[in-house]
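Engineer: Mind looking over this structure? Questions follow.
The values are calculated or read from the model by the stated rules, or taken from the named source; none is laboratory data. What you see is a predicted model, and the numbers here were worked out from it, not measured in a lab. Virtual Cβ from ideal backbone geometry, glycine too; neighbours counted across all protein chains shown. Side chains are part of the model used for accessible areas, which takes the heavy atoms of the whole protein and leaves out ligands, DNA and RNA. Shrake-Rupley method; radii C 1.70, N 1.55, O 1.52, S 1.80 Å.
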Amino acid sequence: MDHAVDNLLHAPVSQLRREIEYLDFRPGQLPWARRVAEGDRDALRELAKALRACHRLTVEPYWDRGRSELVALSTRSASLMLEGGVDLLLRSVCAPQVRWRPPVLEAPYPRRVDVHLEGRGLVITPTVFSKHPVSFLWDPLDTAQPPRLTVPALRRPLTGTGAAESDGATVRNLESLLGRT
């Protein structure tokens, strides 16, 4: 989390604008969102504080098990690479959503698009917390970064290991942070 917050606090304004540009904000949130997009230090620190609080409530209780699942997936992927190379690894990634038909990897994306790697490679990122089973992420404005294919790391849902507060304070805190819906 510290690394992610540090990246946020040191992100170039052009990246902040690009990340926030297509998000929907309520009218009352627009001035704050503009400040974040403009790199306002106070707004970024406020966002960092909220991200840390959200992480503490929504990720931290599950992280030990999630990390174990990530290590297991990494081990399985390394074994596949040793056994059959990149071909076997790509064939095993989330079929049928992802299809490997050399030299083309087909993956879900909101619209039909051809992404040419041009020597950048492909980063396969296992995810623990994602509402999409598989997604293909790339920034057409940053051709230095390799595209990223996110794949689920879990075989079964995570359950928290943190101590539950019997008075419901955790639920109230989460509601006040994220809203009831």
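Engineer: Write down the percent of antiparallel bridges among all DSSP beta bridges whose residues are both part of the chain, to the nearest 5.
Structural biologist: 55 percent
Engineer: To continue, here is another question. Relative to the longest principal axis of the chain, what angle (0 to 90°, nearest 10) does the C-alpha long axis of helix 41-58 take?
Structural biologist: Roughly 70 degrees, rounded to the nearest 10.
Engineer: Okay, helix-only estimate at 222 nm for the chain: each DSSP H run of n ≥ 4 adds -39500 (n - 2.57), divide by all residues, round to 500 deg cm²/dmol; what do you get?
Structural biologist: Calculated mean residue ellipticity at 222 nm is -14500 deg cm²/dmol.
Engineer: Amide H neighbours of Thr127 under 5 Å, counting only residues 5+ apart in sequence or on other chains, H built in-plane at 1.01 Å?
Structural biologist: Hits under the 5 Å cutoff: Val151, Ala153.
Engineer: Here's something else I'd like to know. Inverting the mean 1/r over all pairs of different Cα atoms, compute the Kirkwood radius of the range 1-76 and quote it in Å.
Structural biologist: Averaging 1/r across every pair of different Cα atoms and inverting gives 14.2 Å.
Engineer: From the backbone phi of the range 23-31, what are the Karplus-calculated ³J(HN,Hα) couplings (6.51 cos²θ - 1.76 cosθ + 1.60, θ = phi - 60°) in whole Hz, Gly and Pro given as x?
Structural biologist: These are the phi-based 3J(HN,Hα) values: 7, 8, 10, 5, x, x, 8, 4, x Hz.
Engineer: Counting only protein heavy atoms and a 1.4 Å probe, tell me what percentage of the chain's accessible area is made up of carbon and sulfur.
Structural biologist: 54 percent
Engineer: Rounded, prolate or oblate, given the Cα gyration tensor of the range 1-131, with a/c below 1.5 counting as rounded?
Structural biologist: Taking the square roots of the gyration eigenvalues as a ≥ b ≥ c, the range 1-131 is prolate.
Engineer: Could you size up the charge dipole of the range 1-75 around its Cα centre, putting +1 on the beta carbon of Lys and Arg and -1 on that of Asp and Glu, and report it in debye to the nearest 20?
Structural biologist: In total the dipole reaches around 140 debye.
Engineer: Quick one: accessible area per residue over the chain, 1.4 Å probe, rounded to a whole number of Å²?
Structural biologist: Per residue, the chain has an accessible area of 72 Å².
Engineer: Another question about this same structure. Below 8 Å between Cα atoms, with a sequence gap of 6+, how large is the relative contact order for the chain in percent?
Structural biologist: Contact order relative to length: 19 percent.
Engineer: Show me the chymotrypsin sites (Phe, Trp or Tyr not before Pro) within the range 11-91 that DSSP assigns to loop and that have at most 11 other Cβ atoms within 10 Å of their Cβ.
Structural biologist: The qualifying sites are Tyr22.
Engineer: While we're here: Which listed residue (Trp32, Val86, Ser74) has the Cα farthest towards the positive end of the charge dipole for the range 21-86, taking +1 on Lys and Arg C-beta and -1 on Asp and Glu C-beta about the Cα centre?
Structural biologist: Going by the Cα projections, it comes out as Trp32.
Engineer: Across the chain, where is the longest run that never hits trypsin sites (Lys or Arg not before Pro) in a DSSP loop with at most 10 other C-beta atoms within 10 Å?
Structural biologist: No qualifying site falls inside 1-110, the longest such stretch.
Engineer: If you place +1 on the Cβ of every Lys and Arg, -1 on the Cβ of every Asp and Glu, and leave all else neutral, what size is the dipole of the range 37-86 about its Cα centre, to the nearest 20 Debye?
Structural biologist: Rounded to the nearest 20 debye, it is 160 debye.
Engineer: Moving on. Applying the Karplus parametrisation 6.51 cos²θ - 1.76 cosθ + 1.60 with θ = phi - 60° to the phi angles of the range 2-13, what ³J(HN,Hα) value in whole Hz is obtained for each residue in order, glycine and proline being reported as x?
Structural biologist: 4, 5, 5, 5, 4, 4, 4, 5, 10, 5, x, 4
Engineer: Using θ = phi - 60° and the Karplus curve 6.51 cos²θ - 1.76 cosθ + 1.60, what whole-Hz ³J(HN,Hα) does each residue of the range 66-75 get, with Gly and Pro shown as x?
Structural biologist: Karplus-based 3J(HN,Hα) across the range 66-75 equals x, 5, 4, 5, 5, 5, 5, 5, 4, 5 Hz.
Engineer: Based on Cβ point charges of +1 for Lys and Arg and -1 for Asp and Glu, what charge dipole magnitude is obtained for the chain about its Cα centre, in debye rounded to the nearest 20?
Structural biologist: The calculated dipole for the chain is roughly 380 debye.
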